[in-house]
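Scroll down for the structure; my scribbles are underneath it.
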Amino acid sequence: MQEEPVWDEWRRPGPTPGQRQRDIGIAVIVLLCAIEVTVLVNSMGAFTYRNPPSLLVQLLWVIALALPLVVRRRYPMTVMLAVSVLFIAAQSNRVGDNLVPSAILFCAIFTVGAWGQDRLRARWSRIGVIVAMFLWLGFNLVRALLGPKGDFEDAAGPMDPVLASVVYGLEFNVFFFLFAYVVGEMAWSGARRRAQLEFQAEELRLSQEQNTRGAIAAERMRIARDLHDVVAHHVSVMGIQAGAARRVLDSDPALARDALQTVEQTARTAISELRGLLGVLRADADTDLKSAPGLDDLPELLDNARAAGLEVSHNVYGDAREVPSGVALSAYRVVQEALTNVVKHADARHVDVRMRFLESALELEITDDGRGRATSTSPGFGLVGMRERLAVHGGSLEAGPRRETGYLVRASLPTALEEKA
């Protein structure tokens with residue numbers, strides 16, 4: 001597990017290469033806007049100050065103000081201080097436009113709030129710049145009040161025009177700088193929150209991996225114990241009975257035969273239990289939620305084949321009875337594999353599934369009327385898988401093309417020895 005950071009002391013990582021490239025793009029856009037606005041203001045004659053310098057000088061001032069934004073996230077404190085000094089210097093030189101320089105100052109103050117590594121310095125440096133700007137504003141207001149008053153020819157409100165101008169300037173600047181400060185803080189808090197969520201997500205992922213590894217280890221230990229119990233018990237019994245059969249093979253063949261039959265039955269029981277354990281290992285999340293399928297599940301399997309477009313008939317012959325779960329599972333899988341082969345490899349319309357309960361065996365017969373590649377097998381287990389399943393129970397499989405048309409799968413599963421076991 002990771003060590004959780006002290007979030008009150010968290011420092012925002014520096015800008016990524018992509019963010020640095022975006023800073024360059026933003027600086028270029030701001031510069032172009034500054035040049036355009038300056039040209040428009042001069043063309044209209046709508047100057048913020050009287051007697052502004054030449055257009056070339058004004059353009060040089062706005063270019064100098066915009067250029068620091070190229071590295072605003074890499075060096076936020078330096079950029080803010082540089083822009084603040086240039087802003088006051090530009091106003092001292094009566095640059096014709098004040099809109100774009102104010103936007104540049106806003107961006108610089110915001111960036112310190114959003115990206116400043118040292119939060120104490122970021123806070124007090126912004127407060128210092130804002131205080132300096134208000135002092136500069138106050139100086140300009142006093143100079144305006146002491147200088148010649150404007151004519152205010154169209155003034156119609158109840159307040160004194162000069163007082164209204166002062167209040168308007170103060171309120172606008174309070175909102176301007178307060179907004180720049182608060183938005184920067186919100187951006188930094190949002191970045192810290194995202195870092196917390198990413199850390200918690202990584203912690204959750206690591207915890208889930210650890211829990212999964214623990215669950216797998218516990219399951220392996222359980223399976224190992226089960227394997228030990230199955231193998232140790234049944235193999236011990238088989239060893240004892242085989243030894244007894246060897247000793248009396250010549251003197252008492254009947255006893256030896258009984259001992260060997262016990263070995264056979266024990267082996268089948270062991271195989272059945274091992275198959276159950278292997279089924280747990282191979283089962284997916286869905287099959288874990290239900291028991292292994294058997295003969296009672298055949299109607300659902302046949303319905304699925306009908307849904308695939310086949311006409312399926314199903315007949316049961318003999319006295320139906322309960323068979324061992326291992327035999328029922330193998331019978332189900334044989335029918336399932338046969339139907340899968342018909343769907344995949346045969347141009348068939350009708351499938352006949354017959355199940356015969358014989359005295360000591362269960363026989364399955366699946367025939368179709370297809371004309372496809374009768375000798376092909378489906379990927380995976382196919383016919384080999386069927387034979388392996390049947391061999392576990394001592395059964396047999398007959399599979400091949402029919403004399404006239406279609407394909408035949410006939411499986412025989414002994415049940416007498418399974419029931420005795």
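The values are calculated or read from the model by the stated rules, or taken from the named source; none is laboratory data. Just so it is clear, the structure is predicted and the values come from calculations on it, not from any experiment. Here the Cβ positions follow ideal geometry from the backbone for every residue, glycine too, while neighbour counts run over all protein chains shown.
At-a-glance table
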item	result
Of the criteria (1) at pLDDT 85 or above; (2) exposed (fewer than 14 other Cβ atoms within 10 Å of the Cβ); (3) in contact with a Lys or Arg (Cβ under 8 Å, 6 or more places away or on another chain), which one Glu322 fails	(3)
Residue in region 31-47 that is within 42 Å of the chain's Cα centre (by Cα) and of a type in the set (Phe, Trp, Tyr) present	no
Criterion (at pLDDT 90 or above, of a type in the set (A, V, I, L, M, F, W, C), out of contact with any Asp or Glu (no Cβ under 6 Å at 6 or more places or on another chain) and crowded, with 20+ Cβ neighbours inside 10 Å) met by exactly one of Trp61, Trp124	Trp61
Residue list for region 76-92, restricted to those being under 41 Å from the mean Cα position of the chain (by Cα) and surrounded by 15 or more Cβ atoms within 10 Å (Cβ to Cβ)	Pro76, Met77, Val79, Met80
Identity of the residue in region 177-217, more than 21 Å from Arg73 (Cα to Cα) and of a type in the set (A, V, I, L, M, F, W, C), that ends up surrounded by the most Cβ atoms within 10 Å (Cβ to Cβ)	Phe199
Close pairs (8 angstrom Cβ cut-off, 6 or more residues apart or separate chains): within 15 Å of Gly113 (Cα to Cα) in region 164-186, part of a helix (DSSP H, G or I) and polar (S, T, N, Q) anywhere	Phe176/Ser102; Gly184/Thr111
